[in-house]
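The values are calculated or read from the model by the stated rules, or taken from the named source; none is laboratory data. Values in this document were obtained by computation on a predicted structure and should not be read as measured data. Here Cβ is always computed from backbone atoms with ideal geometry, including for glycine, and neighbour counts include all displayed protein chains.
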DNA sequence: GAGCACTGC
């Protein structure tokens, strides 16, 4: 570890030149289990690059309250730093927490460290993620998701159980990590003021853009870790490409004809449809290649692919064949594939943007950031030297934005604001964010919470109401939490808990386009004229009636894994309801009550039929339409509440529930007094 | 009559 951190290695990398990345060995969700390990574990630990720096590192970390640590993931920093601290007796008075953006990472890292410490998981070393807490009173090294630590902070804003908090993968800038920055900084200051045991905060990043981190944590020192590095050659196109898919196709086959067949290719693209189309084209072309050109195995990779198909990316291609993986940005961080020699980067990504005025989130194809382009390139140099073909010119690269905009600046802030207030932050409008969201986004979130009755304004300040405090105890979007809290008034908590659980997981329904007619026929049995919520509820009830029978799921195009998740979520929500002393009962066949409750809870998402047959969203007065996937698509209900707006070719409402105008008026008389135009019903 | 990047509590 050099004492002079300047210039950081990455800043020396010039586009187009050879640059170096170190060896990575990050456990990924789908990383296949290692076979047998021949090197003893304590020898392995000493072989890690970080081991050389241990004395200086400990010396620094002992003294510092804040430190920023740069090193590639898997240089050993995530597994070793917590052990070094513990072994040196630093932070022994409490627990050392290490946060991760992803569950799988928290779980597998804990497993690895427990193995290295030769202790059973859940004793000295443990982990906590949603639905799973493998810790005990003996646990001193605790791996957890960033969201989990945030949730704990609501009950204990000073984080008094912890003496050290390590925020890992900070460069990813998830909403949770960004909020945690502020939470740990506040906790640190308050603990000092209250003469409590100090809190040490270590921020770990794999990228060099740490000026912000250092500045934010009182100009804290930045420590650099070097790792094992492999050179990667970067290539740019000579001309801008108008069709990146065509360019990708050409590049794939150019490499295929020139490189040894054992060298696999990873192509970064934007989404499922594009990936499947290019996969078909590649397979077609590969059939008619000249002699001397080996066969090609084309494998798509994206998150919505069933897990068994995702695992295919890890199977080596048959001898003499080349593996070509067409992937979304899931392969940037979540899935780690070995053997990649070539990366082809289209330079494009599909990402969500949020418009606070309309409250609309739009999924759009856009250019990657420079940091993202480097991350993609790095995937070619994990075991050995590699190449990255960028399907754009060097000047185009120079014009990319340096960093991906942190998620907190492009998402709906309603949940974040509610959580901050539940944490007892006095002035949420001026919370000390590392990267401030726009004032419009903050204002819009607070207005939303005010409409739901979660906050009140007094003399220009906002306060959490008793209702808001209860809402914050649910791991849900505020409007869902509100709906649950209203449900006892309508004697339908059981039904609402099921519906909210169904809505809070990824879809529980399969829709294979090739079997469209079968899907429609199967779905018809559960279809309700009252809307999609009630239809989902019917499916869930049927699922429970057959005890989740797999055969039944297949016949009815129901995703049994996600249904299992629904049950877990429901159990968790029920638990919270019991702690809040909510009355849990079922309304049985009287589903009108369920719809009344949904209308009351979701009134901000209401739409009204216009005389010309179109719909207007009542809050923003923008034109909206019923999504063709809705069971209400054929009908023309006068009033509906909807779950979300999807902006594609039009602005579509998804997951609709039929409601009465009167119910909406009852829910928010003032709000609707000026918006509703009830026609004779 | 349409189509969904990726996480997480």
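Could you list all residues from region A:649-664 that are within 16 Å of DNA strand B (Cβ to nearest atom) and either part of a loop (DSSP other than H, G, I, E, B) or touching a helix residue (DSSP H, G or I) at 6+ places or on another chain (Cβ under 6 Å) (or both)? Walk me through it before giving the result.
Of all residues in region A:649-664, those within 16 Å of DNA strand B (Cβ to nearest atom) come to A:649-656.
Once the filter is applied, which keeps residues that are within 16 Å of DNA strand B (Cβ to nearest atom) and either part of a loop (DSSP other than H, G, I, E, B) or touching a helix residue (DSSP H, G or I) at 6+ places or on another chain (Cβ under 6 Å) (or both), region A:649-664 yields A:649, A:650, A:655, A:656.
I'd like to know if region A:499-521 contains one or more residues that are surrounded by 17 or more Cβ atoms within 10 Å (Cβ to Cβ), touching a residue at least 24 places away in the same chain (Cβ under 8 Å) and away from DNA strand B (no atom under 16 Å from the Cβ).
no
In region A:489-520, which residues are closer than 14 Å to residue A:558 by Cβ and assigned to a helix (DSSP H, G or I)?
Of everything in region A:489-520, those that are closer than 14 Å to residue A:558 by Cβ and assigned to a helix (DSSP H, G or I) turn out to be A:502, A:515, A:518, A:519.
Quick one: which of A:267, A:298 is within 16 Å of DNA strand B (Cβ to nearest atom), over 22 Å from residue A:72 (Cβ atoms) and in a strand (DSSP E or B)? Talk me through it step by step, then tell me what you get.
On the way: A:298 fails: within 16 Å of DNA strand B (Cβ to nearest atom).
None of the other options fit; the residue is A:267.
Out of A:60, A:80, I need the residue that is more than 16 Å from DNA strand B (Cβ to nearest atom) and more than 32 Å from the chain's Cα centre (by Cα). Which one?
When all the criteria are applied, what remains is A:60.
In the set A:640, A:624, A:631, which member is in contact with a helix residue (DSSP H, G or I) (Cβ under 6 Å, 6 or more places away or on another chain), closer than 25 Å to residue A:520 by Cβ and surrounded by 14 or more Cβ atoms within 10 Å (Cβ to Cβ)?
The conditions single out A:631.
For the structure I just gave you, tell me whether residue A:450 is closer than 26 Å to residue A:430 by Cβ, outside any strand (DSSP E or B) and more than 15 Å from DNA strand B (Cβ to nearest atom).
yes
Can you confirm whether residue A:70 is surrounded by 21 or more Cβ atoms within 10 Å (Cβ to Cβ), modelled with pLDDT of 65 or more, touching a strand residue (DSSP E or B) at 6+ places or on another chain (Cβ under 7 Å) and in the same structural domain as residue A:127 (by TED's automatic domain parsing)? Show your work before the answer.
On the way: surrounded by 21 or more Cβ atoms within 10 Å (Cβ to Cβ): yes; modelled with pLDDT of 65 or more: yes; touching a strand residue (DSSP E or B) at 6+ places or on another chain (Cβ under 7 Å): yes; in the same structural domain as residue A:127 (by TED's automatic domain parsing): yes.
Taking the combined requirement at face value, the residue satisfies it.
Need the failing condition index for residue A:495 against (1) farther than 17 Å from residue A:655 by Cα; (2) touching a residue at least 12 places away in the same chain (Cβ under 8 Å); (3) more than 15 Å from DNA strand B (Cβ to nearest atom), just the number.
(1)
Can you name every one of the strands (runs of 3 or more DSSP E) wholly within region A:310-404 that holds 3 or more residues which are touching a helix residue (DSSP H, G or I) at 6+ places or on another chain (Cβ under 9 Å) and in the same structural domain as residue A:278 (by TED's automatic domain parsing)?
Ranges flagged: A:322-327, A:340-345, A:348-355, A:386-390.
Please verify whether residue A:631 is part of a loop (DSSP other than H, G, I, E, B) and in contact with a strand residue (DSSP E or B) (Cβ under 7 Å, 6 or more places away or on another chain), treating the condition exactly as stated.
Yes: the conditions hold for residue A:631.
Quick one: would you say residue A:279 is assigned by TED's automatic domain parsing to the domain that holds residue A:387, under 23 Å from residue A:379 (Cβ atoms) and away from DNA strand B (no atom under 16 Å from the Cβ)?
So residue A:279 does not fit the description; no.
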